[in-house]
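The values are calculated or read from the model by the stated rules, or taken from the named source; none is laboratory data. Remember, predicted model here, so these are calculated numbers, not experimental data. Cβ sites come from the backbone with ideal geometry, for glycine too, and all protein chains shown count toward neighbours.
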Amino acid sequence: MHMAGMLSFPLVEQDYPEKRAPGERAGDFAEISRAFATEKAEEQSSRCSQCGVPYCANHCPLHNHIPDWLRLTAEGRLREAYELSNATSTMPEICGRICPQDRLCEGNCVIEFSGHGAVTIGSIEKFITDTAWEQGWVEPIMPAADRGQSIGIIGAGPAGLTVADLMRSRGYEVHVYDRHDRMGGLLTYGIPGFKLEKDVVMRRVDRLRDGGVVFHEKFEVGRDASLAELRQRHDAVVVCTGVYKPRAIRAPGVGASGVVESLDYLTASNRKGFGDAVADYDEGRLNAAGKHVVVVGGGDTAMDCVRTAVRQGAASVRCLYRRDRANMPGSQREVKNAEEEGVEFVWLSAPDAFHDAGGTVAGVNVVRMRLGEPDASGRRAPEPEPGSEFRMEADLVVKALGFDPEELPKLFDAPELAVTRWGTVRVDHKTMMTSLDGVFAAGDIVRGASLVVWAVRDGRDVAERMHEYLKAKARTGQAEKVAA
Ligand code: FAD
Ligand code: SF4
Ligand code: SF4
C-alpha cells in the first residue's frame, strides 16, 4: 500500500511506465512500454484526488469507475480493483494500452488542469488486469442457465467479442462468424504488436472459446450464408463488421506496383508475427526492408504503417500529410513515438503523381499544401500551393487515408437493411436495432471508423438491449404455445 494515502499529487510526480529506447524497440514488434512495478502503480494511483464528479470517468466512453479502482490499487487491494474494472469493460487491459487517453480520461483529469500532469489512468488500468491474468484471477465465463435461444454475431472485432462475452454469460448459445482465420478483428490484424501484443488479444479469444462461444472461422457472410439465412438460424443477429473500404488516392501512376493499401501491409506484418507464411511479404511486395517508404495519411493507421516500416528495416520512412501537425487526426503521442524512431513527417504535403518505372513505383511527386478557409465542418481545408511540386524518392508507397463502410445491403443480399448516406448501418439508438427485426449493429459499422473503446461500449449496449428483446421474444413464444 502506498504510504502517502490518496491525493498525493503535489508530492508524487506524474510518471508513465518507462519506454524502451528507440533504437532497441525499432528492432522488434514487442510493446514499447515496460510494465509498472506494483509499487509504482500504487504510488501513481495515489495521486488521484478522488473527485466527487470525476471528469475522467465522464469522458471515458465506458464510464469506468476510475477513482474507485485507483483508490483500491493505491491501497494494495488489487483483486478488488480488478473486479471493479471488469464490471464495466470486457477488455480493460486492451483499452488501457491503446485508448487515446490524452483525448479521453487523462485529458480530462482535474490534476492535468491544475498543472500537475494527469493521473496515468491507462497504464494503471492495464497493470490491474495484466496482474489479474498473471495471478489467475481472470475466471472462465460461467454461463447462466441455458435459455434455449441462440444469437449470431457477424464480425469478431472488439464489438462482436464484447457481445459474445456478455451474452454467453447470460446463458445464450453464441455463434461468431468471421471471414478471417483468427478472431479479434483489427485488434489482431490491424493494430501492430508494438501497440498491442497479440497474446493479449488471443487470451481473450481463448477465454470466450473455453466459455462455450462457438467461432466460425473463414466464414464470410454474403458468401457462405446470407443475412436471411443467419436470421433463420438464430433468435437474434448482430452486425459488427467494421469498415474496410479504403479511401482512394486519385493521382496518375497510383496503379503502379509498390503502391499498396495500408491494411494489406499491416495484415501481412501481423501475420508474419504469428509465424504464418505470407508470400507477398516474403517476395518483397509488402515488406519495407531496404526500401525508401512513403506513407500517405495522418491518422492512426498511417502512424502504425510508418512505425511498422521502421521495424522492417526500411532505408528511410516519410509520412505525407496534407494538413499540419496541430490538425492531424492521429494521436500526438504516436507522432512523438514515430519521430523518436526516425520517421520524418512532411506536413502540409500531398502526392499528385507517382513515378512509374516499368510498372514499379520509383518516386512520388509531392505538392505543398496550405490551409485555406474553414470548410463546412469548421476545419481549414487544405489547398495546393501552385508551383510547389518536388520529387521524393520512393520504392514503397502505403496509402493510409482511412476507411469507409462496404456496401452491406448488397454484400449481405439484404436490400431492406437501412444505411445512412455514408453507408454506415442505421440503428435506433434506443433499441440498438437496425431496420430489420432482431438484427442489431455495433462498432465501426454504425459509427464509421472510430475507436476500440467505443466498439466495446456499443457491444455492451447491444448485449443489454438484445437481452431485453430475447426475453420478450421468449415470453411471446410461451404465450403462443399456451394459447395453442
Ligand atoms: P473490427 O475490429 O474492424 O472487426 C470487424 C470484424 O468483422 C473483422 O474481423 C472482419 O474480418 C469481420 N467481417 C467483416 N465483414 C465480414 C463478413 N461479411 N463476414 C464475416 N466477417 C466479417 N482504435 C483505438 O482505440 N486505438 C488505436 O490505437 C487504434 N489503432 C488503429 C490502427 C489501425 C491500423 C486501424 C485500422 C484502426 C485502429 N483503431 C484504433 C480503430 C479500431 O481498431 C476500431 O475502431 C475497432 O477495431 C472497431 O471494432 P469493430 O468490432 O467495430 O470492428
Ligand atoms: Fe481511459 Fe480508455 Fe480506460 Fe476509459 S477505457 S479509462 S478512456 S483508457
Ligand atoms: Fe482522480 Fe483525475 Fe479522475 Fe479526479 S479526474 S477522480 S483526480 S483521475
Some residue of the stretch 186-194 being near ligand 1 (Cβ under 7 Å from one of its atoms) and small (Gly, Ala, Ser): yes
Top-ranked residue in the stretch 82-119 [being more than 22 Å from residue 132 (Cα to Cα) and among the acidic types (Asp, Glu); ranked as farthest from ligand 3 (Cβ to nearest atom)]: 102
Any hit, the stretch 14-33, residues being assigned to a helix (DSSP H, G or I), in contact (Cβ under 8 Å) with a residue 40 or more places away in the chain and within 16 Å of ligand 2 (Cβ to nearest atom): no
Total residues in the stretch 296-313, condition of a type in the set (A, V, I, L, M) and touching a Phe, Trp or Tyr at 6+ places or on another chain (Cβ under 9 Å): 4
Single match in 8, 89, 45 (criterion: in contact with a Lys or Arg (Cβ under 6 Å, 6 or more places away or on another chain) and not assigned by TED's automatic domain parsing to the domain that holds residue 453): 8
Enumeration of residues in the stretch 31-56 that are of a type in the set (Gly, Ala, Ser) and either buried (at least 20 other Cβ atoms within 10 Å of the Cβ) or within 16 Å of ligand 1 (Cβ to nearest atom) (or both): 33, 41, 45, 46
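Listed here are the residues, each with its yes/no results for (1) buried (at least 21 other Cβ atoms within 10 Å of the Cβ); (2) hydroxyl-bearing (Ser, Thr, Tyr); (3) in contact with a strand residue (DSSP E or B) (Cβ under 9 Å, 6 or more places away or on another chain); (4) under 15 Å from residue 452 (Cβ atoms).
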{"site": "146", "(1), (2), (3), (4)": "no, no, yes, no"}
{"site": "153", "(1), (2), (3), (4)": "yes, no, yes, no"}
{"site": "156", "(1), (2), (3), (4)": "yes, no, yes, yes"}
{"site": "164", "(1), (2), (3), (4)": "yes, no, yes, no"}
{"site": "185", "(1), (2), (3), (4)": "yes, no, no, yes"}
{"site": "203", "(1), (2), (3), (4)": "no, no, no, no"}
{"site": "223", "(1), (2), (3), (4)": "no, no, no, no"}
{"site": "231", "(1), (2), (3), (4)": "no, no, yes, no"}
{"site": "237", "(1), (2), (3), (4)": "yes, no, yes, no"}
Scope the stretch 414-431; condition out of contact with any helix residue (DSSP H, G or I) (no Cβ under 7 Å at 6 or more places or on another chain) and within 16 Å of ligand 1 (Cβ to nearest atom); matching residues: 420, 422, 423, 426
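So if I check each of 102, 68, which one is of a type in the set (Asp, Glu) and in contact (Cβ under 8 Å) with a residue 60 or more places away in the chain?
102
Listed here are the residues, each with its yes/no results for (1) assigned to a loop (DSSP other than H, G, I, E, B); (2) without any contact (Cβ under 8 Å) to a residue 60 or more places away in the chain.
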| residue | (1), (2) |
| --- | --- |
| 353 | no, no |
| 369 | no, yes |
| 373 | no, yes |
| 378 | yes, yes |
| 397 | no, no |
| 406 | yes, no |
Residues (part of a helix (DSSP H, G or I), within 8 Å of ligand 1 (Cβ to nearest atom) and either of a type in the set (A, V, I, L, M) or at positive phi (or both)) located in the stretch 447-481: 452, 453, 455
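Do the conditions hold for residue 20, that is, is it touching a strand residue (DSSP E or B) at 6+ places or on another chain (Cβ under 9 Å), more than 29 Å from residue 166 (Cα to Cα) and charged (D, E, K, R)?
Working: touching a strand residue (DSSP E or B) at 6+ places or on another chain (Cβ under 9 Å): yes; more than 29 Å from residue 166 (Cα to Cα): yes; charged (D, E, K, R): yes.
Considered against the rule, which asks whether it is touching a strand residue (DSSP E or B) at 6+ places or on another chain (Cβ under 9 Å), more than 29 Å from residue 166 (Cα to Cα) and charged (D, E, K, R), residue 20 comes out as yes.
For residue 173, state whether it is among the charged types (D, E, K, R) and either outside the structural domain of residue 236 (by TED's automatic domain parsing) or closer than 24 Å to residue 307 by Cα (or both).
no
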Number of positions in the stretch 220-269 that are within 17 Å of the chain's Cα centre (by Cα), part of a loop (DSSP other than H, G, I, E, B) and of a type in the set (Ser, Thr, Tyr): 2
Lone qualifier among 94, 111 - being within 16 Å of ligand 1 (Cβ to nearest atom), outside the structural domain of residue 338 (by TED's automatic domain parsing) and part of a helix (DSSP H, G or I): 94
Residues being assigned to a loop (DSSP other than H, G, I, E, B), within 16 Å of ligand 2 (Cβ to nearest atom) and among the charged types (D, E, K, R) - total across the stretch 34-69: 1
Residues of the stretch 254-283 satisfying the condition of being over 28 Å from residue 353 (Cα atoms) and in contact (Cβ under 8 Å) with a residue 60 or more places away in the chain: 270, 271, 273, 274
Test: residue in the stretch 127-150 that is under 21 Å from residue 75 (Cβ atoms), assigned to a loop (DSSP other than H, G, I, E, B), out of contact with any Leu (no Cβ under 8 Å at 6 or more places or on another chain) and within 16 Å of ligand 2 (Cβ to nearest atom): no
